[in-house]
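Peer 1: Shown below is the structure under consideration.
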Amino acid sequence: MASSLLFAGCSPDNDAGERQGKGDPDRDVPILALILDVERTSIAAYALGISRLRGDALDLARELADQERQHAERLERLIKDLGRTPHPAKPAEHYQRGFPSLADELDVLTLAIDVENTAIAAYLDALPKLSTGSLRATAAAIATNEAQHLSLLRDALDRPAVPDAFVTGEG
Amino acid sequence: MNADDSAPRSDRKTRRELAVRSLTLGAAAAGATGMPLILPLAAAAVESKSDTRILTGAVMLEHQAAATYDAIVKATRDARLSGLAHAFGAHAQEHADAFASILLQREIAPPPPPRSAAIKRANRLSDGAAIELAISLEGAAVRFYYDAMRNIEDGGLVKIGAATMANHGQHLALLRGAANREPVPTAFEAGGRARS
């Protein structure tokens, strides 16, 4: 199912040709800002959930949250490199508004899986729209890292860690 | 290796050398087992500006991965390693079939899978060698798609390539874990050489 959805968008007319340079600010900054918002949501999810975790799950969440912060910092830098100023992060409560209540480890890891899937889908949606090969490569490297997070989180819940050959964030 | 693409000077020659080096490392590991040395051909393909050549390289790479995992399944008695290799080999075959199908839609014959005689020679791997081989090949696969992101023209292929790269990244993380290494040592997974 996932692969058929991917192939539906596969035609030689799509515009994703490589352009040299840092990118096109008018085209790329709104896309980068959108995925920066997704990263900030992930950071807020881990911040909210960490207090409910112990042991291995806590260690894992801390590590993944740190990598989410690195993604956000990189995206902010890319926006600055394009000559624009990234919007400042909103208070954590803003991003946490839509989250379910978290009673235990299962709730936290399930939320983390949801936010990782959302991030992967956002990156896959953004990738063909970015104007340079360099930006696409960076976005793909982050999406791949999010997919790795997803596997570790699924494994922590004793679910199949890699259930699909194509990782689309729709799982 | 971090995907530090915002560095002001990105040198295409250096990137090409890195791509060839990472895929050659995978090829060297494969060659030690008697596997066909096709990964350098995939490295050349990914640096081309032709979607068709990149697709062809992807099919070759995925065939190589599927054959490698098939050999590991036959070689190992470790149930966990066998389970990982079985699942990852099936994924690689799905990738190969998908990219071959796109080539056929474009009326281009996809490359054939490697000959089984070469694969049979890989059946004497120790479990440790098998995991290292798989880590090298998965790192090379991630790097292939990472480099492909720069050169693919078709937006649909960009998306499929990224979904495939993400899957190889997941394989890589679990294999590193199986080798008692840090599963996700970097926030920017660009593949290449296996890291400890």
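Peer 1: Of B:78, B:70, which residue is of a type in the set (D, E, K, R), open to solvent by 50 Å² or more (accessible area, probe 1.4 Å), in contact with an Asp or Glu (Cβ under 8 Å, 6 or more places away or on another chain) and away from chain A (no Cβ under 13 Å)?
Peer 2: None of the others qualify; the one that does is B:78.
Peer 1: Mind telling me which of the residues A:54, A:62, A:77 ends up being open to solvent by 80 Å² or more (accessible area, probe 1.4 Å), more than 20 Å from residue A:156 (Cβ to Cβ) and at pLDDT 95 or above?
Peer 2: On the way: A:54 fails: more than 20 Å from residue A:156 (Cβ to Cβ); A:62 fails: more than 20 Å from residue A:156 (Cβ to Cβ).
Residue meeting the stated conditions: A:77.
Peer 1: Something else about it: Just one of the numbered conditions (1) closer than 29 Å to residue B:81 by Cβ; (2) more than 10 Å from chain B (Cβ to nearest Cβ); (3) in contact (Cβ under 8 Å) with a residue 24 or more places away in the chain; (4) charged (D, E, K, R) is not true of residue A:164; which one?
Peer 2: Every listed condition holds for residue A:164 apart from (2).
Peer 1: Mind listing whichever residues of the range A:26-48 are open to solvent by less than 10 Å² (accessible area, probe 1.4 Å) and among the aliphatic types (A, V, I, L, M)?
Peer 2: Across the range A:26-48, the qualifying residues are A:32, A:35, A:36, A:44, A:45.
Peer 1: Only one of (1) farther than 27 Å from residue B:84 by Cα; (2) buried (at least 23 other Cβ atoms within 10 Å of the Cβ) fails for residue A:89. Which number is that?
Peer 2: Tallying (1) farther than 27 Å from residue B:84 by Cα; (2) buried (at least 23 other Cβ atoms within 10 Å of the Cβ), residue A:89 fails exactly one: (2).
Peer 1: Can I ask one more? Given the criterion closer than 23 Å to residue B:190 by Cα and surrounded by fewer than 23 Cβ atoms within 10 Å (Cβ to Cβ), identify the matching residue among A:146, A:68, A:170, A:105.
Peer 2: Only one candidate passes the filter, namely A:170.
Peer 1: Being at the interface with chain A (Cβ under 7 Å from one of its Cβ atoms) and closer than 19 Å to residue B:128 by Cβ is the filter here; which residues of the range B:150-196 pass it?
Peer 2: B:171, B:173, B:174, B:183
Peer 1: List every residue pair whose Cβ atoms sit under 6 Å apart, with the two residues 6 or more apart in sequence or on different chains, where the first one lies in the range B:166-179 and is among the charged types (D, E, K, R) and the second, anywhere, is modelled with pLDDT of 95 or more.
Peer 2: B:176/B:183
Peer 1: Residue check: is residue A:118 β-branched (Val, Ile, Thr), more than 7 Å from chain B (Cβ to nearest Cβ) and open to solvent by 70 Å² or more (accessible area, probe 1.4 Å)?
Peer 2: Yes.
Peer 1: A further question on this structure: Condition test on residue A:83, is it within 14 Å of another protein chain (Cβ to nearest Cβ) and open to solvent by 20 Å² or more (accessible area, probe 1.4 Å)?
Peer 2: yes
Peer 1: Now, a different point. Which of (1) away from chain A (no Cβ under 12 Å); (2) more than 20 Å from residue A:165 (Cα to Cα); (3) open to solvent by less than 20 Å² (accessible area, probe 1.4 Å) is the odd one out, the single condition residue B:61 does not satisfy?
Peer 2: (2)
Peer 1: Further question on the same structure: Taking the range A:121-142 as the search range and keeping residues that are closer than 17 Å to residue B:152 by Cα and among the small types (Gly, Ala, Ser), which one is surrounded by the most Cβ atoms within 10 Å (Cβ to Cβ)?
Peer 2: Across the range A:121-142, the extreme among qualifying residues is A:140.
Peer 1: Mind telling me which of the residues B:136, B:101 ends up being at the interface with chain A (Cβ under 9 Å from one of its Cβ atoms), in a helix (DSSP H, G or I), open to solvent by 10 Å² or more (accessible area, probe 1.4 Å) and among the hydroxyl-bearing types (Ser, Thr, Tyr)?
Peer 2: Working: B:136 fails: at the interface with chain A (Cβ under 9 Å from one of its Cβ atoms).
None of the others qualify; the one that does is B:101.
Peer 1: Checking residue B:153 against (1) at pLDDT below 95; (2) closer than 21 Å to residue A:121 by Cβ, only one condition comes out false. Which one?
Peer 2: (2)
The values are calculated or read from the model by the stated rules, or taken from the named source; none is laboratory data. Just so we're clear, the structure is a prediction, and the values are computed from it rather than from any experiment. Positions of Cβ are backbone-derived with ideal geometry, glycine not excepted, and every protein chain shown enters the neighbour counts. For the accessible areas, the whole protein counts, side chains as well, though only heavy atoms, and no ligand, DNA or RNA atoms are used. Shrake-Rupley method; radii C 1.70, N 1.55, O 1.52, S 1.80 Å.
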